[in-house]
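The values are calculated or read from the model by the stated rules, or taken from the named source; none is laboratory data. Here the structure is a predicted model, which is why all the values come from computation and not from measurement. Neighbour counts are summed over all protein chains in view; Cβ atoms, including those assigned to glycine, are modelled from backbone coordinates with ideal geometry. The accessibility values were calculated without ligands, DNA or RNA, using every heavy atom of the protein model including side chains. Shrake-Rupley method; radii C 1.70, N 1.55, O 1.52, S 1.80 Å.
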Amino acid sequence: HADVAMYAAKERGRNNFQFFTPELNKLADERLDLATAMRFGLEQNEFSVVYQPKVDRHRRIVGVEALARWHSASCGSVGPDRFIPMAEETGLIGEITERVLRQAFHAATQWSPVQGRALTLAVNLSAKLFLADDLVPRVAGWLADSGLPPQRVELEITESVFLDDSERAISVLQAFKALGFRVAMDDFGTGYSSLSYLRHLPLDTVKIDRSLITDMEFDEDVAMIAQAMVGLCRNLRKTVVAEGVENPAQFALLCAHGCEEFQGYLFAKPLTAEALRSLLARHQGSVPARQLEAMPG
Ligand code: C2E
Ligand code: MG
Ligand code: MG
Ligand code: MG
C-alpha cells in the first residue's frame, strides 16, 4: 500500500498557518454554536433519515442508500456535508451513526421485495468511526435488534479509512464480511484513488464518485477514466455503481461502458421512508422516467 502511505504523509506534512482575525473568531463562534445545537438536536430527536434508490440498467430498484438529515430548531436545515465533519470533531458521530443505522435497519425490514428480490440497504460509515474498538459488535447489535439479515446491508466506506492504519482497517472489513455484511467503496475516483489496491480489499461494490460522472460528458479524459474504472471493477468482479447520474446521456454512456447500477436524480432523489414505500408499491419497483418531476425531494 505504498500509494496509500505516500498520500498520508503528504496530508500530514501540509502546513496550515492560520492567523486570528475577527472573521476567524466569528467562524469559531459559529462552529461552537453548531456543536451545541447538535447536542441539543440529538436530545430532541432532530435527526432523520432519507432513502435514495439505486437502480439497475432496467431502472428496477435494487437497493437504497440511507442518508442522514438534520433539521435544527436553532440553525435550520444543515446538510450532512457540514454536520458529519462536525460530528466527527465533537465525538458525536458515534451517537448519530447509531440513530441513523437503527432507524434505517428498522425501515428496511418493511420494504417489499422487487420482482422477488429483497432490496439491499446501504449505510455510510465515517472513517473516524471505522477504527473505533467496538464498531463491529455495536453495528452487529443494532442489526440484531432490527431482525434484518446482514446479507441485506451494505456498509459504505471511503478511501480515507485506509489512511492511518490500513492493516487494521482491512481486518475490520474482514470482520464485517465474516458476519455476512456487504462492503462498498464510496466516492471512488476522488482522493488518492488507486485502481491497483482495490484488488487487495474485500469489497463487493465500488461506487464511482459523482464528480467523475458529471465531468465525463464534457471531458474526454474523464470519460476514458470512468470507462477504465468500470472495466477494471468488473474484471475484479465488483459491482459498479455510478453515483450522481442526472441525465439520460450519462445513463446511456455508462450503460455502454458496462456499468450495472446507478444512483442519481435522474432516477430518484432521497425520499422519506413513507415516500419510498409508496414508490415501491406504485411501479412494481421500477422508476419511471416521466414521473420524476412529481417526486418529493
Ligand atoms: P454520499 O454517501 O456519496 O451520498 C451521495 C450524496 O450525493 C447525497 O448527498 C445525495 O443526496 C447526493 N446525490 C445523489 N444523487 C445526486 C445527483 O444526481 N446529483 C447531485 N447533485 N447530488 C446527488 P447528501 O445526502 O447531502 O450526503 C452527502 C454526504 O454526507 C454523503 O455522500 C456521505 O458521505 C455523508 N453522509 C450522509 N449521511 C451520512 C451518515 O448517516 N453517516 C455518515 N458517516 N455520512 C453520511
Ligand atoms: Mg454513500
Ligand atoms: Mg457516494
Ligand atoms: Mg459522493
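Restricting the stretch 151-170 to residues that are in contact with a helix residue (DSSP H, G or I) (Cβ under 9 Å, 6 or more places away or on another chain) and part of a loop (DSSP other than H, G, I, E, B), which is surrounded by the fewest Cβ atoms within 10 Å (Cβ to Cβ)? Checking each candidate, the answer is D164. When the residues of the stretch 112-143 are filtered to those that are open to solvent by 40 Å² or more (accessible area, probe 1.4 Å) and within 13 Å of ligand 1 (Cβ to nearest atom), the one that is nearest to I157 (Cα to Cα) is N124. Taken as a whole, the condition of being under 16 Å from N124 (Cβ atoms) and away from ligand 2 (no atom under 15 Å from the Cβ) does not apply to F188.
Between T109, T90, the distinction of being more than 14 Å from L155 (Cβ to Cβ), in contact with a helix residue (DSSP H, G or I) (Cβ under 7 Å, 6 or more places away or on another chain) and without any contact (Cβ under 8 Å) to a residue 40 or more places away in the chain belongs to T109 only. Restrict the check to the stretch 79-88 and report whether at least one residue is within 30 Å of A252 (Cβ to Cβ) and in contact with a Lys or Arg (Cβ under 6 Å, 6 or more places away or on another chain). No, because not a single residue in the stretch 79-88 is within 30 Å of A252 (Cβ to Cβ) and in contact with a Lys or Arg (Cβ under 6 Å, 6 or more places away or on another chain). Out of everything in the stretch 69-87 that is in contact (Cβ under 8 Å) with a residue 12 or more places away in the chain and within 13 Å of L129 (Cβ to Cβ), what residue ends up being nearest to ligand 2 (Cβ to nearest atom)? Once the filter is applied, the top-ranked residue is I84.
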